[in-house]
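Reviewing the structure listed below.
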Amino acid sequence: MITFDGVTKRYADGTVAVDHLSLEVPTGEITVFVGPSGCGKTTSLRMINRMIDATEGRILLDGVDVKTIDPPTLRRGIGYVIQQAGLFPHRKIVDNVATVPHLLGWDRKKARDRAMELLERVGLDLKLADRYPFQLSGGQQQRVGVARALAADPPVLLMDEPFSAVDPIVRASLQEELLRLQAELNKTIVFVTHDIDEAVKLGDRVAVLRVGGHLAQLDAPSTLLARPADDFVREFLGRDRGIRRLSFVTDEGVRLRTDLTVPASAEISSVRDTAEPWLAVVDEENRPLGWVSVKDLPESGTLADARPAPYGTFVRGRDSLRAALDATLLSPSRSAIAVDDSGRVEGVATREALDEALDKVAGGAGA
Amino acid sequence: MVAGEGVGVNWLIDFFGDPANWSGPDGIPVRLLEHLQFSALSLLLAVLIALPLGLWIGHTGKGALFAVLSANAARALPTLGLLVLIVLLMGVGTDIPVLIPLVALAVPPILVNTYEGIRGVDPELRDAAYGMGLRGGQVLGRVLVPVALPLILLGLRIAAIQVVSTATVAAYVGLGGLGRFIIDGLATKDFPRTIGGAVLVALLALAVQLGFTFIQRLVVSPGVSERQAVR
């Protein structure tokens with residue numbers, strides 16, 4: 001756990017970058033510091049590994065005041081990832097990753113093996129190990145930066161806007177990768193960004209800072225979106241707060257109907273008299289084929305002869321209410337097909353069922 | 001022109017073809033060795049002064065103004081004038097009078113290029129190095145110097161070529177080196193000798209240039225040199 005206890009950073013010219021900041025960064029979670037430029041988020045991060053020293057107050061790392069630890073020793077025990085990756089251009093990728101193990105005096109073989117293991121772990125082709133940084137794309141360099149920070153297996157990782165210099169598609173994949181890694185590694189991560197969407201996507205908890213280094217709110221993303229503490233946070237969160245919040249609501253509350261699916265082998269005559277306007281057709285393995293409109297069915301034959309309309313699915317138990325809602329917009333029946341992890345149909349979430357689930361969410365928000 | 005060129009070539013053949021010029025205390029090998037001794041010693045002294053100073057100033061950012069001003073001042077010194085002054089003050093007899101102006105000539109390019117090279121390293125890189133837990137000296141030795149190496153070597157090369165070319169002035173004050181051929185040739189109107197000496201100096205400067213190109217290939221990481229080529 002990292003504890004900020006009344007931490008202030010005041011520069012010689014009187015500028016206050018961080019003002020009496022007190023908060024806790026729980027072990028094994030991602031805590032995001034987010035805010036506009038000048039809010040002191042990067043300064044706060046850099047005070048943890050003493051790249052900047054606090055003027056007042058204490059920062060405790062598992063109870064130990066960081067000021068009592070010699071900075072290089074402290075930093076070797078904390079992973080650090082920065083915006084432009086900051087790889088050493090004169091060293092091969094594998095040696096870049098092995099920087100801290102080398103500093104800690106590991107033998108060459110062990111350091112190299114560890115570096116290779118990490119390159120694999122962050123999703124890089126091992127052929128890149130003997131290249132130099134300039135031969136890699138920005139996204140690849142950033143992955144190397146993450147691997148380098150993890151090399152000596154530090155319990156704490158500091159990430160200072162690590163993904164803001166890459167294009168949106170690469171950024172999204174790096175974010176996914178970080179979440180995947182974190183699910184395996186359970187590091188204590190402090191992540192700084194100015195991008196609220198990134199904060200909400202990555203953070204277990206999000207600290208919103210306002211200019212002058214004041215903490216405006218520290219909460220789980222869903223709480224932040226549901227109950228912003230004040231106008232500043234509300235404005236910073238931006239538009240679509242309601243719909244974005246649904247990303248954090250599981251689909252478990254959505255009631256599924258199992259009587260709306262029919263196999264493609266069924267005779268058309270057998271379904272013609274149903275009261276439902278739309279039916280979901282599935283193949284023999286129970287995978288969705290699409291929606292059919294009962295009144296537009298051909299005269300005879302099986303449902304395989306009907307041309308199915310497009311459909312949307314969500315993974316039951318794993319996707320959010322937002323994904324379920326999105327799936328309804330992709331099908332003409334305005335219902336979403338729920339599937340399991342292997343893509344087999346579990347049931348159908350109708351518009352009524354989604355309305356009920358949304359009512360519960362809105363009630364919970366106290367809105 | 002054709003006649004002139006013919007004369008020049010003939011002079012070179014006269015000079016380099018005369019076996020007497022290849023032996024004895026006034027022969028080409030001895031003079032070349034003397035020349036190399038002055039030059040190498042001056043360069044070594046200049047490196048000992050300028051390299052640590054340049055590294056320190058570049059790394060700490062302290063004394064940058066002092067470095068630039070004194071380097072510019074040293075550049076403005078007339079080498080020959082300085083040499084004559086020192087000889088007048090100290091008298092002849094040792095190599096020291098000729099070393100001082102040569103060192104003064106070699107210090108500025110080494111100092112300025114080293115300092116600029118270190119200072120010019122991307123601040124993000126410096127930040128990353130400290131953030132990984134490198135100590136100040138490790139940041140300098142393991143990151144800043146390897147990255148600034150092309151510029152540092154450029155400073156050394158400029159200094160070496162200037163020293164090798166300028167070491168001919170030693171002959172003015174009665175010392176040896178390749179300058180002897182030029183000065184003595186002029187004094188006795190033995191033009192083959194003068195031209196021969198000049199050609200030897202030019203060849204030596206070329207050899208220094210080639211030597212540095214080779215060293216550069218050897219010691220600069222491909223990650224640094226090829227990155228610059230790509231840009």
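Every read-out reported here was derived from the displayed coordinates using simple, explicitly stated rules and does not represent laboratory data. None of the values given here were measured: they were computed from a predicted structure. Virtual Cβ from ideal backbone geometry, glycine too; neighbours counted across all protein chains shown.
Values as computed for the structure displayed
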quantity: Built amide H within the under 5 Å cut-off of residue A:8, gap 5+; calculated: A:20, A:21, A:55, A:56, A:57
quantity: Residue-by-residue Karplus 3J(HN,Hα) for the stretch A:202-209, coefficients 6.51, -1.76, 1.60, Hz, glycine and proline x; calculated: 9, x, 6, 9, 10, 9, 8, 10
quantity: Percent of alpha-carbon pairs separated by more than 17 Å within the stretch B:167-212; calculated: 33
quantity: Dipole in debye (nearest 20) - the stretch A:171-262, about Cα centre, beta carbon charges: Lys, Arg +1; Asp, Glu -1; calculated: 140
quantity: Cβ-defined net charge surrounding residue A:151, 12 Å radius [Lys, Arg +1; Asp, Glu -1]; calculated: +2
quantity: Cα-based helix-to-principal-axis angle, A:138-150 vs chain A, degrees rounded to 10; calculated: 60
quantity: Convex hull volume per residue in cubic angstrom - Cα atoms of the stretch A:252-364; calculated: 85
quantity: Residue B:219 paired with residue B:207, simple spin-label distance in nm, labels 7 Å along Cα-to-beta-carbon; calculated: 2.0
quantity: Residues whose placed amide H lies under 5 Å from that of residue A:209, excluding near-sequence neighbours; calculated: A:34, A:35, A:216
quantity: Lysine pair count for the protein assembly as shown [Cα-Cα under 28 Å; pairs on different chains or 8 or more apart]; calculated: 20
quantity: Rg/Rh (Cα only; Kirkwood hydrodynamic radius) as it applies to the stretch B:78-231; calculated: 1.13
quantity: Cα gyration tensor shape for the protein assembly as shown, rounded if a/c is under 1.5, else prolate or oblate; calculated: prolate
quantity: Cβ charges +1 (Lys, Arg) and -1 (Asp, Glu), total dipole of the protein assembly as shown, debye; calculated: 1920
quantity: Per-residue average of Cβ from other chains inside 10 Å of A:81-88; calculated: 5
quantity: Karplus-derived 3J(HN,Hα), 6.51/-1.76/1.60, for each residue of the stretch B:184-195, Hz, glycine and proline x; calculated: 5, x, 5, 5, 9, 6, 8, 5, x, 5, 4, 4
quantity: Under-5 Å amide H pairs with residue A:81, H placed in peptide plane, nonlocal only; calculated: A:158, A:159, A:160
quantity: Summed side-chain charge close to residue A:212 - residues other than residue A:212 whose Cβ falls under 14 Å, Lys, Arg +1, Asp, Glu -1; calculated: +3
quantity: Rounded tilt (10° steps) of B:28-60 against the dominant C-alpha axis of chain B; calculated: 20
quantity: Size of charge dipole - the stretch A:55-96 - debye, nearest 20, with Cβ of Lys, Arg +1 and Asp, Glu -1, no other charges; calculated: 220
quantity: Overall form of the stretch A:2-247 per C-alpha gyration tensor (a/c, 1.5; a/b vs b/c); calculated: oblate
quantity: Among A:212, A:333, A:292 the positive-end extreme of the charge dipole of chain A (Cβ point charges); calculated: A:212
quantity: Local electrostatic count at residue B:64 - Lys and Arg +1, Asp and Glu -1, tallied over other residues with Cβ under 13 Å; calculated: +1
quantity: For the protein assembly as shown, with +1 on Lys and Arg beta carbons and -1 on Asp and Glu, the positive-most of B:223, B:163, A:8 along the dipole; calculated: B:163
quantity: Rounded to 5, percent antiparallel among DSSP beta bridges of chain A; calculated: 55
quantity: 0 to 90° range, to nearest 10: angle between helix A:351-365 axis and chain A longest Cα axis; calculated: 30
quantity: In Hz, Karplus ³J(HN,Hα) per residue of the stretch B:196-204 (6.51, -1.76, 1.60; θ = phi - 60°; x = Gly, Pro); calculated: x, x, 4, 5, 4, 4, 4, 5, 5
quantity: Amide N of the stretch A:47-61 lying under 15 Å from the label point, which is placed 7 angstrom from the Cα of residue A:1 along Cα→Cβ; calculated: A:59-61
quantity: Extreme residue, positive dipole direction of the stretch A:2-247, given options A:183, A:31, A:98 (C-beta unit charges); calculated: A:98
